[in-house]
Amino acid sequence: MTLRIGVIGTGGMGQHHIKNIQSVIPGAEVTAVSDTNEEVARQVASSCAAQYIADPYELIASDNVDAVIIASWDPTHEGFCIAAIHAGKYVFCEKPLSDTPEGCIRIMEAEQKAEKRLLQVGFMRRYDKDYRELRKVIQAGRIGIPLVVHAQHRNLAPAGSAKITSDMSATNALVHEFDITRYLIGDEDTYISAQLVAPRSSRFCGEDLIDPQLVYLETRNGVRVELEIYWYCRYGYDIRCEVVGDLGTASLPSPSHTVVRCEGQQAFQIVPTWQERFHDAYVTELREWIASVQEENIIGPSAWDGYISSKVAEACRQSRLTGKIVPIELIECPEFYHNI
Ligand code: ISE
């Protein structure tokens, strides 16, 4: 049966998911959309023959909606997730699950009360073929025991009109790195501390944002993770990752495979946006999510994964404010989230 999806948030990410559902993902259709920007939401609704529903809670409750995608402003995620879970509906929530760890805990509590996994978090990098390949190499033991991870997360410039704050470097962008690093090195290991270091800021980022930022994490097994987030790198969307082991190293390939040599130079394109870099990952992610909803067996990134990333982001914030290395103390993983 065709899955009827309601989408909350018709900005860049919401529109991207809607386009993918319409054009390349069979088995689902968008039947309702909601956004605080009514004009855009109505345009999007008419482009996919969906209903525009002003109140997102009404969309969640609608008989015309079997499952919900949340792609709205980060601080609104928690309320919508909890409402969808209370309504017994499957929900796919863009990252971050919540902008606070406490919010993630409340979502986990709601899901446990429902006694059924209903929620998946949009950590789409787990569906990217390059990250999947990197993980395979590490898990096969080819580089030995992972010791160090170096990763860079660079944006050409922030997308959309929302103002980026220094905390969003961790809550909105680095959450991807916190999650994908666990996926690469094995999630039986856990983060135990975080330190945020602010170098001199770019001239282009404005006064309220520290940019770039460096983050150093330590895991219980002693792996060191060194991350850079840079919103205004101004040359493209550039995601890099190298894992150093005791037998060798493995890294993501260059994002484009066509290398041009001409006029005395060698070059390859660096795409400008994450929608382009991770296009295939977004499609695979939604395709697998839709299939898992239809089979009533959600297996993608869970609320527990969302909680861990949010907890690390919170430690980064504390570190920025205090200048100290901040310990990360996770709550005990509820049994509900074991082995999922
Ligand atoms: C954005 O929200 C995303 O999710 C992208 O994947 C990320 O790379 C970017 O930095 C975020 O702002």
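The values are calculated or read from the model by the stated rules, or taken from the named source; none is laboratory data. Note that the structure is predicted; figures quoted are calculated from it, not measured. Positions of Cβ are backbone-derived with ideal geometry, glycine not excepted, and every protein chain shown enters the neighbour counts. To get the accessible areas, we keep the full protein, side chains included, count just its heavy atoms, and leave off ligands, DNA and RNA. Shrake-Rupley method; radii C 1.70, N 1.55, O 1.52, S 1.80 Å.
Can you tell me which residue in the range 76-97 is farthest from S310 (Cα to Cα), limited to those that are within 16 Å of the ligand (Cβ to nearest atom) and assigned to a helix (DSSP H, G or I)?
So in the range 76-97, the residues within 16 Å of the ligand (Cβ to nearest atom) come out as 76-77, 92-97.
Remaining after also requiring assigned to a helix (DSSP H, G or I): 76-77.
Details: T76: 15, H77: 13 Å.
Applying the filter and picking the extreme gives T76.
Checking R203 against (1) in a loop (DSSP other than H, G, I, E, B); (2) over 21 Å from Y131 (Cβ atoms); (3) touching a strand residue (DSSP E or B) at 6+ places or on another chain (Cβ under 6 Å), only one condition comes out false. Which one?
Failing condition for R203: (3).
Might you let me know whether the range 172-186 holds any residue that is touching a residue at least 60 places away in the same chain (Cβ under 8 Å) and not in a helix (DSSP H, G or I)?
no
Confirm whether L156 is within 24 Å of T273 (Cβ to Cβ), open to solvent by 10 Å² or more (accessible area, probe 1.4 Å) and not aromatic (F, W, Y).
Answer is yes for this residue.
Every residue in the range 255-304 that is open to solvent by 10 Å² or more (accessible area, probe 1.4 Å) and among the charged types (D, E, K, R), please.
Residues satisfying the conditions are R261, E263, E276, R277, D280, R287, E288, E295, E296.
Would you please list the contacts, defined by Cβ atoms under 6 Å and residues six or more apart or on different chains, that run from a residue in the range 29-57 that is farther than 10 Å from T10 by Cα to a residue that is open to solvent by 80 Å² or more (accessible area, probe 1.4 Å)?
A32/Q51; C48/Q22; Y52/R42
Could you say whether any residue in the range 160-173 is in contact with a Phe, Trp or Tyr (Cβ under 8 Å, 6 or more places away or on another chain), surrounded by fewer than 21 Cβ atoms within 10 Å (Cβ to Cβ) and at pLDDT below 95?
Yes.
Would you say E226 is assigned to a helix (DSSP H, G or I), out of contact with any Cys (no Cβ under 8 Å at 6 or more places or on another chain) and of a type in the set (D, E, K, R)?
No.
Please tell me if V121 is within 16 Å of D187 (Cβ to Cβ), within 16 Å of the ligand (Cβ to nearest atom), hydrophobic (A, V, I, L, M, F, W, C) and in contact (Cβ under 8 Å) with a residue 12 or more places away in the chain.
Values: within 16 Å of D187 (Cβ to Cβ): yes; within 16 Å of the ligand (Cβ to nearest atom): yes; hydrophobic (A, V, I, L, M, F, W, C): yes; in contact (Cβ under 8 Å) with a residue 12 or more places away in the chain: yes.
For V121, the condition - within 16 Å of D187 (Cβ to Cβ), within 16 Å of the ligand (Cβ to nearest atom), hydrophobic (A, V, I, L, M, F, W, C) and in contact (Cβ under 8 Å) with a residue 12 or more places away in the chain - is met.
Can you give me the number of residues within the range 267-281 that are charged (D, E, K, R) and within 12 Å of the ligand (Cβ to nearest atom)?
Taking the range 267-281 first, the residues charged (D, E, K, R) are 276-277, 280.
Then keep just the ones that are within 12 Å of the ligand (Cβ to nearest atom); that gives 276-277.
Final tally of qualifying residues: 2.
Would you pick out the residues in the range 229-240 that are in a strand (DSSP E or B) and either over 17 Å from T181 (Cβ atoms) or open to solvent by 70 Å² or more (accessible area, probe 1.4 Å) (or both)? Don't jump to the end; show me each part of the working.
Keep residues of the range 229-240 that are in a strand (DSSP E or B), which gives 229-230, 238-240.
Y230, D238, R240 - these are the residues of the range 229-240 that are in a strand (DSSP E or B) and either over 17 Å from T181 (Cβ atoms) or open to solvent by 70 Å² or more (accessible area, probe 1.4 Å) (or both).
Specify the residue that is most open to solvent (accessible area, probe 1.4 Å); the eligible residues are those in the range 316-340 that are under 22 Å from E109 (Cβ atoms) and touching a residue at least 40 places away in the same chain (Cβ under 8 Å).
Going through the range 316-340, the residues under 22 Å from E109 (Cβ atoms) turn out to be 328-340.
Next, only the ones that are touching a residue at least 40 places away in the same chain (Cβ under 8 Å) stay: 328, 330-331, 334, 336-337, 340.
Numbers: I328: 14, L330: 52, I331: 69, P334: 24, F336: 60, Y337: 10, I340: 90 Å².
It comes out as I340.
List every residue pair whose Cβ atoms lie under 6 Å apart, where the two residues are 6 or more positions apart in sequence or sit on different chains, the first residue falls within the range 151-168 and is aliphatic (A, V, I, L, M), and the second residue, located anywhere, is surrounded by 12 or more Cβ atoms within 10 Å (Cβ to Cβ) and assigned to a loop (DSSP other than H, G, I, E, B).
Between residues of the range 151-168 that are aliphatic (A, V, I, L, M) and residues that are surrounded by 12 or more Cβ atoms within 10 Å (Cβ to Cβ) and assigned to a loop (DSSP other than H, G, I, E, B), the close pairs are L156/G236; L156/Y237; L156/P272; A157/Y232; I164/P158; I164/L209; I164/W231.
Which numbered condition trips up A198, out of (1) open to solvent by 20 Å² or more (accessible area, probe 1.4 Å); (2) within 12 Å of the ligand (Cβ to nearest atom)?
Looking at each condition in turn, A198 falls short on (2).
Looking for whichever is over 18 Å from the mean Cα position of the chain (by Cα) and within 23 Å of A291 (Cβ to Cβ) here; the options are I18, I85. Which one fits? Break it down into steps so the answer makes sense when it comes.
Working: I18 fails: over 18 Å from the mean Cα position of the chain (by Cα).
None of the others qualify; the one that does is I85.
Where the second residue is modelled with pLDDT of 95 or more and open to solvent by 90 Å² or more (accessible area, probe 1.4 Å) and the first is closer than 28 Å to I21 by Cα and lies in the range 263-281, which pairs have Cβ atoms under 7 Å and are six or more apart or on separate chains?
Short answer, once both residue conditions are applied: I270/Y235; D280/K129.
Looking at (1) away from the ligand (no atom under 14 Å from the Cβ); (2) of a type outside the set (A, V, I, L, M); (3) in a loop (DSSP other than H, G, I, E, B); (4) open to solvent by less than 60 Å² (accessible area, probe 1.4 Å), find the lone condition where N221 falls short.
Of everything listed in (1) away from the ligand (no atom under 14 Å from the Cβ); (2) of a type outside the set (A, V, I, L, M); (3) in a loop (DSSP other than H, G, I, E, B); (4) open to solvent by less than 60 Å² (accessible area, probe 1.4 Å), N221 misses just condition (4).
Of the residues that make up the range 98-106, is at least one crowded, with 20+ Cβ neighbours inside 10 Å, among the small types (G, A, S), more than 16 Å from the ligand (Cβ to nearest atom) and in contact (Cβ under 8 Å) with a residue 24 or more places away in the chain? Write out each step before concluding.
Quick first cut of the range 98-106, residues crowded, with 20+ Cβ neighbours inside 10 Å only: 98-99, 101, 103-104.
Filter once more, keeping what is among the small types (G, A, S): 98, 103.
The next check asks that each one be more than 16 Å from the ligand (Cβ to nearest atom); those that pass are 103.
From what's left, in contact (Cβ under 8 Å) with a residue 24 or more places away in the chain: 103.
For the range 98-106, residues crowded, with 20+ Cβ neighbours inside 10 Å, among the small types (G, A, S), more than 16 Å from the ligand (Cβ to nearest atom) and in contact (Cβ under 8 Å) with a residue 24 or more places away in the chain: present.
Does the range 29-40 include one or more residues that are open to solvent by less than 30 Å² (accessible area, probe 1.4 Å) and in contact with a Lys or Arg (Cβ under 6 Å, 6 or more places away or on another chain)?
Residues of the range 29-40 that are open to solvent by less than 30 Å² (accessible area, probe 1.4 Å), as a first pass: 30-34.
Imposing the further condition that a residue be in contact with a Lys or Arg (Cβ under 6 Å, 6 or more places away or on another chain) reduces the set to 31.
Scanning the range 29-40, I find at least one residue that is open to solvent by less than 30 Å² (accessible area, probe 1.4 Å) and in contact with a Lys or Arg (Cβ under 6 Å, 6 or more places away or on another chain), so the answer is yes.
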